Ligand code: G6P
């Protein structure tokens, strides 16, 4: 019988996760799920926790749902720890997405200045969780869904008190399911050779029943139906068909910020005038979702949750846990220590690649050198990520400025410094590592 601890248990995504465990109960006998949150999340935890209890009752599975604000109690003896928290809640995301726009720079949750600041706020908290895990569940697997998932996972690999960490994103499984849909086939028949970094991952090859259909899929992506592939949180502005042909591999939706920077910026500036930044849209969606969750007659995951970008999150998380538990040795795309898998990336950095999932964790499948067309951008983002992680751990202003300036979405050193100073001030309550010296 298995114990799961979910940190950030009050998240609106929790019904996804509960549904995933219910569906897989026969192969994954989870006896206890501990949903843990902080005081500010108490109300959400109680609402979503009550829904989780109704869901398991309706499904008739003997899973006990526990709600707590005591992280250590939740971690004690856990077999798997899943993390899905947001330091500073959605208000911090609003700032991440809005402030860069003042300087004519993309404002995004996990990319550019927003991604940098989400990393700076999140990494110290994750390292604290690792300390608790080392004490209360040293053998547990940490399944991290907290964004920026690649950087947070790498921070644990390099600086964490525990090392059994796997970073997870819904994007690879989402892409596979959507491509299968546009090809009109079952997802099991599609295999995509993913390689890169989180939110910077490419499909190097796409296979259908073993036949390489990459060119066909690139043709679809370049055409009318591409919106069927993208995620809900990123506007689909189409692709320049000849560019997709030249690129030769499948980009992910986040690549739009790099290959279509100007258009995406204009789109964001337009959206701000209407519905607001994505975090503001999500705030409204969340308010509606929690109203639904309160309904005592609701006992399944409501379809409205699919308006969020994290669709298929539960499939990604629960498939991974089930494969580790059952030593299934299937292939899934996760964030792991590079260890030479992708050439030119340090061994101790996190990469997002296909892995064979065994009882000893993910075994990455060798990639080697990435195609020239994409290698440069991946390497540059990895330099940004490594520097950002070091800034998060040390609170070193110069490292943070370096990370901001080398990010390809930031146009100059001067603008980088202006955005950095503005955002440090805006987020200072959640960045003690940068301010403790000034306070003491
Ligand atoms: C995508 C990403 C996730 C991200 C989500 C945001 O699917 O892969 O990492 O959390 O979108 O969705 P939201 O609805 O919060 O904008």
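The values are calculated or read from the model by the stated rules, or taken from the named source; none is laboratory data. Note that this is a predicted model, so its numbers are computed, not measured. For neighbour counting, all protein chains shown are included, and Cβ atoms are generated from backbone atoms with ideal geometry for every residue, glycine included.
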Return the total of residues in region 293-304 being surrounded by fewer than 16 Cβ atoms within 10 Å (Cβ to Cβ) and either touching a helix residue (DSSP H, G or I) at 6+ places or on another chain (Cβ under 8 Å) or within 30 Å of residue 373 (Cβ to Cβ) (or both). 6
Being within 17 Å of residue 429 (Cα to Cα) and away from the ligand (no atom under 16 Å from the Cβ) narrows 94, 125 down to just 125
Region 147-169 residues that are under 14 Å from residue 115 (Cβ atoms), paired with ones that are part of a loop (DSSP other than H, G, I, E, B) and within 15 Å of the ligand (Cβ to nearest atom) (beta carbon under 6 Å, 6 or more apart): 147/110; 148/110; 149/169; 149/198; 150/198; 152/146; 169/198
I need a count of the residues in region 171-216 that are assigned to a strand (DSSP E or B) and on the phi < 0 side of the Ramachandran plot. 18
The number of residues in region 349-373 that are out of contact with any helix residue (DSSP H, G or I) (no Cβ under 7 Å at 6 or more places or on another chain), farther than 19 Å from residue 319 by Cβ and buried (at least 20 other Cβ atoms within 10 Å of the Cβ) is 2
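Out of the residues in region 62-80 meeting the condition of being surrounded by 18 or more Cβ atoms within 10 Å (Cβ to Cβ) and touching a helix residue (DSSP H, G or I) at 6+ places or on another chain (Cβ under 7 Å), tell me which one is farthest from residue 324 (Cα to Cα). Write out each step before concluding.
In the first step, residues of region 62-80 are kept if they are surrounded by 18 or more Cβ atoms within 10 Å (Cβ to Cβ); the result is 63, 65, 67, 71, 74-75, 78-80.
Of the ones still in play, those that are also touching a helix residue (DSSP H, G or I) at 6+ places or on another chain (Cβ under 7 Å) are 63, 65, 67, 71, 75, 80.
Details: 63: 19, 65: 22, 67: 25, 71: 24, 75: 19, 80: 10 Å.
Per the stated criteria, the residue is 67.
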The residue from 182, 156 that alone is more than 15 Å from the ligand (Cβ to nearest atom) and crowded, with 24+ Cβ neighbours inside 10 Å is 156
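Hey, can you tell me all the residues within region 102-123 that are buried (at least 19 other Cβ atoms within 10 Å of the Cβ) and in a helix (DSSP H, G or I)?
Restricting attention to region 102-123, the residues satisfying the condition of being buried (at least 19 other Cβ atoms within 10 Å of the Cβ) are 105-123.
Of everything in region 102-123, those that are buried (at least 19 other Cβ atoms within 10 Å of the Cβ) and in a helix (DSSP H, G or I) turn out to be 112, 113, 114, 115, 116, 117, 118, 119, 120, 121, 122, 123.
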Filter result for residue 210 (within 19 Å of residue 312 (Cα to Cα) and either in contact with a helix residue (DSSP H, G or I) (Cβ under 7 Å, 6 or more places away or on another chain) or more than 16 Å from the ligand (Cβ to nearest atom) (or both)): no
Check residue 90 against each of (1) crowded, with 20+ Cβ neighbours inside 10 Å; (2) over 29 Å from residue 29 (Cα atoms); (3) touching a helix residue (DSSP H, G or I) at 6+ places or on another chain (Cβ under 6 Å) and name the one condition it does not meet. (1)
Of (1) under 22 Å from residue 433 (Cα atoms); (2) touching a strand residue (DSSP E or B) at 6+ places or on another chain (Cβ under 7 Å), residue 127 fails just (2)
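Being within 16 Å of the ligand (Cβ to nearest atom), in a helix (DSSP H, G or I) and within 24 Å of residue 25 (Cβ to Cβ), is that true of even one residue in region 319-330?
Taking region 319-330 first, the residues within 16 Å of the ligand (Cβ to nearest atom) are 319-320.
Next cut, in a helix (DSSP H, G or I) only: 319-320.
Imposing the further condition that a residue be within 24 Å of residue 25 (Cβ to Cβ) reduces the set to 319-320.
Yes, region 319-330 has at least one match.
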Residue 239 fails exactly one of the following numbered conditions: (1) in contact (Cβ under 8 Å) with a residue 24 or more places away in the chain; (2) more than 13 Å from the ligand (Cβ to nearest atom); (3) surrounded by 17 or more Cβ atoms within 10 Å (Cβ to Cβ); (4) not in a helix (DSSP H, G or I). What is the number of that condition? (1)
If you scan region 124-165, which residues turn out to be within 14 Å of the chain's Cα centre (by Cα) and in a loop (DSSP other than H, G, I, E, B)? 145, 146, 147, 148
Can you tell me which residue within region 242-254, out of those that are surrounded by 13 or more Cβ atoms within 10 Å (Cβ to Cβ) and away from the ligand (no atom under 13 Å from the Cβ), is farthest from residue 201 (Cα to Cα)? 245
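Which of the following residues is surrounded by fewer than 20 Cβ atoms within 10 Å (Cβ to Cβ), touching a helix residue (DSSP H, G or I) at 6+ places or on another chain (Cβ under 7 Å) and at pLDDT 95 or above: 52, 5, 59?
Values: 52 fails: surrounded by fewer than 20 Cβ atoms within 10 Å (Cβ to Cβ); 5 fails: surrounded by fewer than 20 Cβ atoms within 10 Å (Cβ to Cβ).
Answer to the selection: 59.
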